[in-house]
1. Tell me which of these residue A:89 doesn't satisfy, since it passes every other one: (1) over 26 Å from residue B:63 (Cα atoms); (2) among the charged types (D, E, K, R); (3) crowded, with 16+ Cβ neighbours inside 10 Å.
2. Does residue A:47 meet the test of being part of a helix (DSSP H, G or I), within 24 Å of residue A:204 (Cα to Cα) and β-branched (Val, Ile, Thr)?
3. Quickly run through the stretch B:42-98 and pick out the residues that are small (Gly, Ala, Ser) and within 14 Å of the chain's Cα centre (by Cα).
4. Hey, any hits in the stretch A:67-80 for a residue that's among the aliphatic types (A, V, I, L, M), touching a residue at least 40 places away in the same chain (Cβ under 8 Å) and within 25 Å of residue A:198 (Cβ to Cβ)?
5. Within the stretch A:103-124, can one find any residue that is of a type in the set (A, V, I, L, M), more than 24 Å from residue A:52 (Cα to Cα) and free of Cβ contacts under 8 Å to residues at least 60 places away in the same chain?
6. Taking the criterion of being assigned to a helix (DSSP H, G or I) and within 10 Å of chain B (Cβ to nearest Cβ), would at least one residue in the stretch A:104-119 satisfy it?
7. Against the condition at pLDDT below 95 and either surrounded by fewer than 18 Cβ atoms within 10 Å (Cβ to Cβ) or more than 24 Å from residue A:182 (Cβ to Cβ) (or both), how does residue B:143 come out, does it pass?
Protein chains: 2
Amino acid sequence: MREQFHGELASLSEQMVEMTQLAGSAINRATRALLDADLVLAESVITADEELDRIQAAIEEKSLELLARQQPVATDLRTIVTGLRMTADLERMGDLARHVAKLARLRYPASPIPAQLHSTILEMGQVAERVVAKTGSVIAGRDLVMASELEQDDDQMDRLHRELFTVLLDPNWDGGVEAAVDVTLCGRFYERFADHAVSVARRVTFLVTGERPPVPHHAS
Amino acid sequence: MREQFHGELASLSEQMVEMTQLAGSAINRATRALLDADLVLAESVITADEELDRIQAAIEEKSLELLARQQPVATDLRTIVTGLRMTADLERMGDLARHVAKLARLRYPASPIPAQLHSTILEMGQVAERVVAKTGSVIAGRDLVMASELEQDDDQMDRLHRELFTVLLDPNWDGGVEAAVDVTLCGRFYERFADHAVSVARRVTFLVTGERPPVPHHAS
């Protein structure tokens, strides 16, 4: 009985890892859709988000069932309840990738991102992919070293995010207001994507160590 | 024992209502700080957010304790687990009010919002206050009529949000890029604030009726 229960917990964990893979694939494709003005790719991200929603709903139902049937306490209880919060973060990351893809679709056949900011946004996309891949490893292996690395990736994301504003607010900015609005929104989507990844990693850390990691200095 | 348990559930619900009051006060003051460039008010919102975080942490701990001690099933279990999600939404609403206040502080002694958009942002602030007040009533009284009204308020918020972009992207926009960036961010903060309120109301509706409300057409 106990063994079966832990098998079910492991299966929930695997589904969360699958969510990180889907979110990673989504943000990768959304970034390419955004920079290459690729409508087909953008549509694929928008459609694929349903799968993340479906897995989240399945995890929620299964978690409630386990709580009712197994009546777990202590660590097992905390694992399930924390898992529900992590799942919500992962689902939200899918939404944010979808937001990026929707912006790509809205401005098609142009790219919403002016040429001078392509490399910064590309890098934000790469950092986003990296953090979500690490989030998967943190969930799968409870790897606290990687959880701490992830914080540094998030610092890099924040630097890139500030870089966007530096370019936008430079008196020499000649990209116009529409591009400034689009860049502002995209920047926010990538930054939030990484924030949610950090949030997941922190929850795993808290589960493993019992200690809440300090609130990051760049909390905003 | 049973009675005490339901008393404890009621107390969690009261704390959530208190969170809506704090979030409502925060968004009211943040809007005034933003439009009147009031630094003291902005600082007060930023500081007050800690209280929301504190209540959230308290609700989480109490919920885990109730799950472990009472081993609830069926509706009681769902009420506690759903309450955890609602609490996360309410805490996030406080964060969003704080984001608005931080933008007011960043641009002080100017207002980040150009005069031509003051009335739209003021209205967004009023809608935000209205939705969070209704959210409180929905939590306190499980009032499904109000939950449905709240959806309409959210539609109004979306209209106001689109109105911002119409003004920003008009060729006659002369507010400059910095104001466009600030307006874009603020618009997003108010819109997300209302989204979280809707999310809370939907969770209550689901608890009461057992049916998930349809995903809103404006889901973005």
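1. In the conditions (1) over 26 Å from residue B:63 (Cα atoms); (2) among the charged types (D, E, K, R); (3) crowded, with 16+ Cβ neighbours inside 10 Å, residue A:89 misses (1) alone.
2. Working: part of a helix (DSSP H, G or I): yes; within 24 Å of residue A:204 (Cα to Cα): no; β-branched (Val, Ile, Thr): yes.
In short, no.
3. Of all residues in the stretch B:42-98, those small (Gly, Ala, Ser) come to B:42, B:44, B:48, B:57-58, B:63, B:68, B:74, B:83, B:88, B:94, B:97.
Once the filter is applied, which keeps residues that are small (Gly, Ala, Ser) and within 14 Å of the chain's Cα centre (by Cα), the stretch B:42-98 yields B:88, B:94, B:97.
4. Restricting attention to the stretch A:67-80, the residues satisfying the condition of being among the aliphatic types (A, V, I, L, M) are A:67-68, A:73-74, A:77, A:80.
Then keep just the ones that are touching a residue at least 40 places away in the same chain (Cβ under 8 Å); that gives A:80.
Subset that is within 25 Å of residue A:198 (Cβ to Cβ): A:80.
Within the stretch A:67-80, one or more residues are among the aliphatic types (A, V, I, L, M), touching a residue at least 40 places away in the same chain (Cβ under 8 Å) and within 25 Å of residue A:198 (Cβ to Cβ).
5. Scanning the stretch A:103-124 turns up at least one residue that is of a type in the set (A, V, I, L, M), more than 24 Å from residue A:52 (Cα to Cα) and free of Cβ contacts under 8 Å to residues at least 60 places away in the same chain.
6. Quick first cut of the stretch A:104-119, residues assigned to a helix (DSSP H, G or I) only: A:104-107, A:115-119.
Remaining after also requiring within 10 Å of chain B (Cβ to nearest Cβ): none.
For the stretch A:104-119, residues assigned to a helix (DSSP H, G or I) and within 10 Å of chain B (Cβ to nearest Cβ): absent.
7. Details: at pLDDT below 95: yes; either surrounded by fewer than 18 Cβ atoms within 10 Å (Cβ to Cβ) or more than 24 Å from residue A:182 (Cβ to Cβ) (or both): yes.
So residue B:143 fits the description; yes.
Yes/no matrix, rows are residues, columns are (1) of a type in the set (Gly, Ala, Ser); (2) at positive phi:
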position	(1), (2)
A:111	yes, no
A:119	yes, no
A:131	no, no
A:136	yes, no
A:139	no, no
A:142	no, yes
A:147	yes, no
A:162	no, no
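The values are calculated or read from the model by the stated rules, or taken from the named source; none is laboratory data. For clarity, every value in this text was computed on a predicted model and none was experimentally measured. Heads up, the Cβs are rebuilt from the backbone with ideal geometry, glycines too, and the neighbour counts pull from every protein chain shown.
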